[in-house]
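Where a number appears in this text, it was derived from the coordinates with a stated rule and is not lab data. Worth saying up front: this structure is predicted, and the values here are computed from it rather than measured. Note: ideal-geometry Cβ built from the backbone for every residue, glycine included; neighbour counts use all protein chains shown.
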Amino acid sequence: MAHNFILAPSIIAADFTHLADELAACESASADWLHVDVMDGHFVPNITMGPFIVEACQRASKLPLDVHLMIENPERYIEAFAKAGAAHIIVHAETCPNLLEIINQIKSLGCKAGVALNPVAPASLVEDVLPYVDSVLVMTVHAGFGGQAFMPEMLPKIAMLRRRLDELHCAAALEVDGGIGEPTLRSAYEAGARAFVAGTAVFRHPHGIAAGIKSLRESIALDAS
Ligand code: DX5
Ligand code: ZN
């Protein structure tokens, strides 16, 4: 990794009338992943995109697609997203009574498995599955919409998960999603996060996508541990 953290622009904030160009701009600006926010209007009060958009994105970009399922009954759709080209499939612990079962289903389809927590969901919901996942996604806004303000009260949850992942020697990426910009990326990094989803800070940057990605990269000095 050329940088000391993963940057995953969230396409929810992209200009969908020029999606391929926007994804190409992320790729040439060395984004690591593309984050795809899937919402069903039930688990969250918004409806966004499905496997159809994931399939289009994998034709438009070589970047791994980090697909975030903010949906009820995600087990019904895992296969469709895997077939559409998802590299990572993230499910919310709150929507999966049999979390380990769905994690194994995701991995059996050849995708990396992630587990996400909304701000109100305690880290204890995911503790038992930490050794089996490839990423843990801590929501730093209430899932549903881009452009919300970062919730600093999530920093202790990030730090606690960092400690547990390190204690258990888990290789899972600790990822944060929501309200990430320069100052908030720094505080989440200091709490132990090493993968950052950013929608507004990248796609709505006043000087364009490359400038947005560059300013996020520069928010952490390269010599930071
Ligand atoms: C919330 C979404 C957003 C999005 C990022 O459900 O998941 O967090 O990815 O949006 P920004 O970076 O604009 O807060
Ligand atoms: Zn997301």
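Brief remarks follow.
- Bridgeable lysines around Lys112 (alpha carbons under 17 Å apart, same-chain partners fewer than 8 residues away excluded): Lys62, Lys83.
- Cβ crowding within 10 Å ranks Met151, Met139 as Met151, Met139, fewest other Cβ atoms first.
- With the simple model of a label 7 Å out from the Cα in the direction of the Cβ, Glu101 to Asn4 spans 4.3 nm.
- For the chain, DSSP calls about 5 percent of its internal beta bridges antiparallel.
- In plain terms, the C-alpha convex hull of segment 6-217 casts an average shadow of 10.3 nm² when viewed from every direction.
- Helical contribution to [θ] at 222 nm, DSSP H n ≥ 4, -39,500 (n - 2.57), averaged over the chain, rounded to 500: -9000 deg cm²/dmol
- Given charges at beta-carbon only (K, R positive; D, E negative), |dipole| of the chain in Debye: 260
- Per principal axis, descending, Cα span of segment 1-121 in whole Å: 40, 30, 29
- Theoretical FRET efficiency, 1/(1+(r/R0)^6), r = Cβ-Cβ of Glu72 and His142, R0 22 Å, to 0.05: 0.85
- Label separation (Ala171 vs Asp128): 2.5 nm, computed from points 7 Å beyond Cα along the C-beta direction.
- Between the residues Leu130, Cys111, His205, the greatest Cα displacement towards the positive end of the dipole of segment 6-217, with unit charges on the Cβ of Lys, Arg, Asp and Glu, is found for His205.
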